[in-house]
Each structure stands twice: as C-alpha cells, then as structure tokens.
Amino acid sequence: MDCREAQSLIVPFVKGELDRNKAKAFFSHIDSCPNCRDDLEVYYVLLIGLKQLDDDTSGSLDLHGQFEKNLNDARSEVMKKQLGIVEKWIIVIVLFLLLVFLLWKGKEEYDLYESEQIEVNQSK
Ligand SMILES: [Zn+2]
C-alpha cells in the first residue's frame, strides 16, 4: 500500500468502515509511515474532538491518548479476528487427522477380523 492509498483509507478507517484485510494493510502502512500516521491522528482528533465538543462531554479531552487507545483497540480487533481464522484451520486439521486415525483404526480392526476368520477357517 502506498501513501496515496493509505490517505484514501483514513476517513473510512476512522468511521470504522474498513474490512479486515484493508484494515490490516492500512495498519502495516501506518506502522511504517509516520507521515500517514500523523495525518490519521489529525483527522481522528478533528473528527472525534469536534464530535465530543458537540456532545459536550465533561471528560478531559485527551485526544492524543484517545487516538492511541482507539488505534490499539482497532489493531487488536483485527489481530483477534485473524487468530480466529488460524484457530479454525487448526480445528479443521485436527478433525481431519482424527478422521484419518479413525479410518486407520477401522482398517486395523478389519484386518484383525479377517486374520481371525482365516484362523477359524484353518482350524476347521
Ligand atoms: Zn504513507
């Protein structure tokens, strides 16, 4: 992602409209590009700050702190969802291995049954 693309994603990001993949790409650009990060913070502070002035909240206006917190929350949200996909794959793999194991066990029991049958036939 280049700066131009990142800049175009600042507004959707602040509004929470980015999908996971775009948010991930956006974060990796923001982390490596101080210019875009600054622009994001300026926009965030403008948007949220104005909104809070409108709402007339009595809390302290620690906009930089809020920006950092919001960014961390959004980042952990993106990372959490990503972990979910990995977990899903682990479950799929475990289920597949279980299936293979059961099939293998089943075949072993069948082989055992077959060899028992042969023994029974031989003893006749
Ligand atoms: Zn940039």
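The values are calculated or read from the model by the stated rules, or taken from the named source; none is laboratory data. Predicted model only: the values in this text are computed from it and were never measured. Neighbour counts are summed over all protein chains in view; Cβ atoms, including those assigned to glycine, are modelled from backbone coordinates with ideal geometry.
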Problem - Criterion: without any contact (Cβ under 8 Å) to a residue 60 or more places away in the chain, farther than 30 Å from Ala25 by Cα and not polar (S, T, N, Q) - qualifying residue of Glu119, Glu87 - result: Glu119
Completion exercise
Taking the stretch 16-32 and keeping residues within 22 Å of Ile48 (Cβ to Cβ) and loosely packed, with under 11 Cβ neighbours inside 10 Å leaves Gly16, Asp19
Problem - Where a residue in the stretch 1-25 is closer than 15 Å to Asp39 by Cβ and modelled with pLDDT of 90 or more and its partner, wherever it lies, is among the hydroxyl-bearing types (Ser, Thr, Tyr) and within 13 Å of the ligand (Cβ to nearest atom), with Cβ under 9 Å and at least six apart - result: Met1/Ser28
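Suppose we keep only residues that are within 15 Å of Pro12 (Cβ to Cβ) and surrounded by 16 or more Cβ atoms within 10 Å (Cβ to Cβ) within the stretch 33-47. Which one would you say is nearest to the ligand (Cβ to nearest atom)?
Within the stretch 33-47, the subset within 15 Å of Pro12 (Cβ to Cβ) is 36, 39-40, 43-44, 47.
Restricting the remaining residues to those that are surrounded by 16 or more Cβ atoms within 10 Å (Cβ to Cβ) gives 36, 39-40, 43-44.
On the way: Cys36: 3, Asp39: 8, Leu40: 10, Tyr43: 13, Tyr44: 16 Å.
Ranking the qualifying residues of the stretch 33-47, first place goes to Cys36.
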